[in-house]
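A short write-up of the structure that comes next.
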Amino acid sequence: MDYLEGLNPPQREAVVTMDGPMMIIAGAGSGKTRVLTYKIAHLIANGVEPFNILSLTFTNKASREMKERIVDAVGDDAKNLWMGTFHSVFARILRFEAEKIGYQSNFTIYDSEDAKSVIKGVVKDFRLDDKLYKPSVVLSRISSAKNNLISWRAYEQNNDLRLEDEASGRAKIAEIYKEYAIRCFRANAMDFDDLLFNTSVLFQQHLDVLNKYQSKFKYVLIDEFQDTNVTQYFITRKLAARNRNICVVGDDAQSIYAFRGANIQNILNFKTDYPELKVIKLEQNYRSTQTIVEAANSVIAHNKNQLEKNTFTQNAIGERIEVFRTPTDLEEARGVAQSIQQAMIKDHIPASDIAILYRTNSQSRALEEALVKLSIKAQIFGGLSFYQRKEIKDMIAYLKFVTNPKDEEAFKRIINYPKRGIGPTTVNNLFVKAAENKMGIWDIVANVRKFFGGRVATQVENFANMIKVFQMQSEQKNAFETASFIAKNSGILRELYDDKTPEGKNRYDNLQELLNGIQGFTDDPEKEDKSLTTYLEEISLITTQDKEDVSDAITLMTIHMSKGLEFDYVYLVGMEENLFPSQMMLETREDLEEERRLFYVAITRAKQRLYMSYALQRYRFGKTIMCDPSRFIDEIAPQYISMRRSSISEDLGPGSTPGFSNFRSLRQQPSNFIRKAVKPKDDRPFHPSNTDNLTIGQTVRHTKFGDGKVEKISDEGLDRRAIINFEEVGKKTLILTFAKLMIL
Ligand code: ATP
Ligand code: MG
């Protein structure tokens, strides 16, 4: 069969082994995702029904691309695969089963802004200090509880958590968690973490439901397994418990979401949970040059906590990693832009094969501006997504409220937008009345005459009648017809149309774009259900990673978002202490190791060329600060990098930055900075040699310790060790089975 030809022997073995638990923990670029894709194709080609296969990926975009490949290999049948992110797949299951756990199937999905707004309300009602109980801080605490399977009841009773909260001065988190959960439930709303947490509750409490999905999902496959959290792991283990056909692929060296509750422990548990596990090793990297692969290996070797594995490549040696320093962050941006321009013109690299990666979203602005000046089209992932813009959220709040009139966050957005004379006091009174009567907000609003009189009642009643008309529309019409009707009759369209400022014009266009998008949804012949509820679910789960690719633009994104992707040229900017590694990740060894794994992810995105840069001064937090180069630069074995600085612009002063390729090599321009670029005696990229016949007197190279002479060899077999006298660090005893040495 065609697809089996593009696989090496272990990859092929992984693909053709259909049944039983399997785990592939292997380095970046070794074809894990490719194996997963072909394995699904293979299952289908061998008679497994696509709807019996569940495949979980990191982004919706990744799953779309996988699906396309599978369709190419085995045909249209593959469209019925259950494929997507954990969130999207479990949202879909919860839609079917919501009533079992007390929700209605039209539940709303709260994004983090909605969630924070609910928390803000709770903090206010509890009369707590909102500087201490910042919504984002409280939410992340609640979120990590949910990702670790801890309900608000369990949280209340958990001593460790209580002590932690007391120590941080936030003793009331447990109470906020409880009230937050109650309010979300009352609003028939789930936040992102609830989509996972409630699925786990569903499977725990309803064995009949669990049974159903266990027999449905005969095969479960998970990509980026290292970043699954406890709750996700719990769910998938339950699902796979009957058939035990579960295949996970990942790389412990790329685990970068510990802060979100992702847990490397899952990799270790997997072996205990499935003693009959088949483990497959993939060691050949097909993505990057030898230099990049070896540089990445030399970096990750600094981490203590990691599983032993090898990665090599047969690709070309490639160019060294170029490290640039510039006087300021603006010049860094300019230098990067110019270097990209040259890559496109001189090296003929298409824009879509070039990426700039950074540690934090705030770094993108200077880069964007520099690229615009050179007319280089850029696509920025992250930041505010289309669906988070105010005018879009307002319109969507209407759609959400019409489908789920319990949604209090949506209600607050639209009750007086466009203005209809219903002020905050009235809104507050409505909520108070709802609380007194133990009713939802819509129960009060829809029957306002029973509770209030006068002018207020008339205005609220008008609003309620309008919503009722919208509800009737949505029951009879498809999503697009309903949405256009609402846009016109709510007054939103008029409001934006009348605003003739450039921003107003922009907002109007955005609203039109939203409507076009809804039309696209209802016109799509592949969508069976064209209702508003289904549409809303789809867009609630769109993440900023999921943008459609613009073909002639370069990519700008954070390193976190770049996971799983690859580009010919990668520019890694802001290689400075306190930025990368981030200031917040310097406290413990674990944090620093996580940050180093992030560095490993960044390096391994590059196929052909990798550039790194840092500035001596950077504008951050409203002022200019001095920066030191990142310690990570030092951690790359020196033979893989070449150091440069923008000497021309430093000589001529700011404003005259040439492209990086014009920078003079540091080696021609000695300075104290050169110490990092010790020129190795031998330029060959690092290749571990077979040390079976290593003899005394030979010179060897070690990625961390540098070059040294073998002085003594002792013991046999697995214990065979050598004492090596390294030029720089002195004598070390190394166990030869583990030590990677290159004989010079
Ligand atoms: P990451 O850890 O970064 O997610 P990965 O292990 O998932 O990486 P893939 O993205 O599947 O790696 O593969 C990396 C690149 O190597 C892709 O371009 C893929 O098509 C290619 N590749 C993988 N295996 C082979 C092979 N046997 N022959 C040719 N190309 C391959
Ligand atoms: Mg992958």
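The values are calculated or read from the model by the stated rules, or taken from the named source; none is laboratory data. Computed from a prediction, not measured in an experiment: that's the story for all the values here. Note that we place each Cβ from the backbone using ideal geometry, even for glycine, and neighbour counts take in every protein chain shown.
At a glance:
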read-out: Verdict on GLU594 being at pLDDT below 95, crowded, with 19+ Cβ neighbours inside 10 Å and acidic (Asp, Glu); value: yes
read-out: Lone unmet requirement of (1) of a type outside the set (S, T, N, Q); (2) modelled with pLDDT of 95 or more; (3) buried (at least 20 other Cβ atoms within 10 Å of the Cβ); (4) away from ligand 2 (no atom under 15 Å from the Cβ) for ARG237; value: (3)
read-out: Answer from GLU566, GLU475, GLU537 - the residue that is within 30 Å of ILE340 (Cβ to Cβ) and either buried (at least 17 other Cβ atoms within 10 Å of the Cβ) or more than 28 Å from the chain's Cα centre (by Cα) (or both); value: GLU566
read-out: Residue count, segment 222-262 (criterion: out of contact with any Phe, Trp or Tyr (no Cβ under 8 Å at 6 or more places or on another chain) and outside any helix (DSSP H, G or I)); value: 9
read-out: Hits in segment 249-291 (condition: more than 16 Å from ligand 2 (Cβ to nearest atom), among the β-branched types (Val, Ile, Thr) and touching a strand residue (DSSP E or B) at 6+ places or on another chain (Cβ under 9 Å)); value: VAL279, THR289, THR291
read-out: Qualifying residue in segment 27-38 (condition: on the phi < 0 side of the Ramachandran plot, more than 16 Å from ligand 1 (Cβ to nearest atom) and touching a residue at least 40 places away in the same chain (Cβ under 8 Å)); value: no
read-out: So ASN229, is it under 17 Å from the mean Cα position of the chain (by Cα), of a type in the set (S, T, N, Q) and at negative phi; value: yes
read-out: Segment 64-77, residues that are surrounded by fewer than 22 Cβ atoms within 10 Å (Cβ to Cβ) and assigned to a helix (DSSP H, G or I); value: ARG64, GLU65, LYS67, GLU68, ARG69, VAL71, ASP72, ALA73, VAL74, ASP76, ASP77
read-out: ASP160 being touching a strand residue (DSSP E or B) at 6+ places or on another chain (Cβ under 8 Å) and acidic (Asp, Glu); value: no
read-out: Count of residues meeting criterion [closer than 16 Å to THR85 by Cβ, in contact with a helix residue (DSSP H, G or I) (Cβ under 6 Å, 6 or more places away or on another chain) and within 16 Å of ligand 1 (Cβ to nearest atom)] in segment 207-255; value: 7
read-out: Unmet criterion (only one of (1) over 25 Å from PHE567 (Cα atoms); (2) more than 27 Å from the chain's Cα centre (by Cα); (3) within 15 Å of ligand 1 (Cβ to nearest atom)) for ALA45; value: (3)
read-out: Residues of segment 43-52 that turn out to be buried (at least 21 other Cβ atoms within 10 Å of the Cβ) and in contact (Cβ under 8 Å) with a residue 40 or more places away in the chain, as a count; value: 1
read-out: Filter result for PRO10 (under 23 Å from ALA253 (Cβ atoms), at pLDDT 95 or above and away from ligand 1 (no atom under 15 Å from the Cβ)); value: no
read-out: Sole residue being touching a Lys or Arg at 6+ places or on another chain (Cβ under 9 Å), surrounded by fewer than 18 Cβ atoms within 10 Å (Cβ to Cβ), free of Cβ contacts under 8 Å to residues at least 12 places away in the same chain and charged (D, E, K, R), chosen from LYS488, LYS505; value: LYS488
read-out: Positions within segment 560-589 being farther than 27 Å from PRO350 by Cβ, of a type outside the set (A, V, I, L, M, F, W, C) and assigned to a strand (DSSP E or B), in sequence order; value: GLU576, ASN578, SER582
read-out: Within segment 1-60, considering residues that are outside any loop (DSSP other than H, G, I, E, B) and among the charged types (D, E, K, R), the one nearest to ligand 2 (Cβ to nearest atom); value: LYS32
read-out: The one condition in (1) within 16 Å of ligand 2 (Cβ to nearest atom); (2) in contact (Cβ under 8 Å) with a residue 12 or more places away in the chain; (3) surrounded by fewer than 22 Cβ atoms within 10 Å (Cβ to Cβ); (4) under 24 Å from the mean Cα position of the chain (by Cα) that ARG92 fails to fulfil; value: (1)
read-out: Residue within segment 59-75 that is more than 21 Å from ILE93 (Cβ to Cβ) and near ligand 1 (Cβ under 10 Å from one of its atoms) present; value: yes
read-out: Close pairs (9 angstrom Cβ cut-off, 6 or more residues apart or separate chains): within 27 Å of MET626 (Cβ to Cβ) and modelled with pLDDT of 95 or more in segment 560-585, within 16 Å of ligand 2 (Cβ to nearest atom) and charged (D, E, K, R) anywhere; value: VAL570/ARG605; VAL570/LYS607; LEU572/ARG605
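Condition check ((1) in a loop (DSSP other than H, G, I, E, B); (2) surrounded by 18 or more Cβ atoms within 10 Å (Cβ to Cβ); (3) at pLDDT below 75; (4) not polar (S, T, N, Q)) across all residues:
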| residue | (1), (2), (3), (4) |
| --- | --- |
| PRO680 | yes, no, yes, yes |
| ILE696 | yes, no, no, yes |
| ARG701 | no, yes, no, yes |
| LYS712 | no, no, no, yes |
| ILE723 | no, no, no, yes |
| LYS731 | no, no, no, yes |
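Residues checked against (1) at pLDDT below 95; (2) of a type in the set (S, T, N, Q); (3) not in a helix (DSSP H, G or I):
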| position | (1), (2), (3) |
| --- | --- |
| LEU161 | yes, no, no |
| GLU175 | no, no, no |
| MET190 | no, no, yes |
| ASN198 | no, yes, no |
| VAL201 | no, no, no |
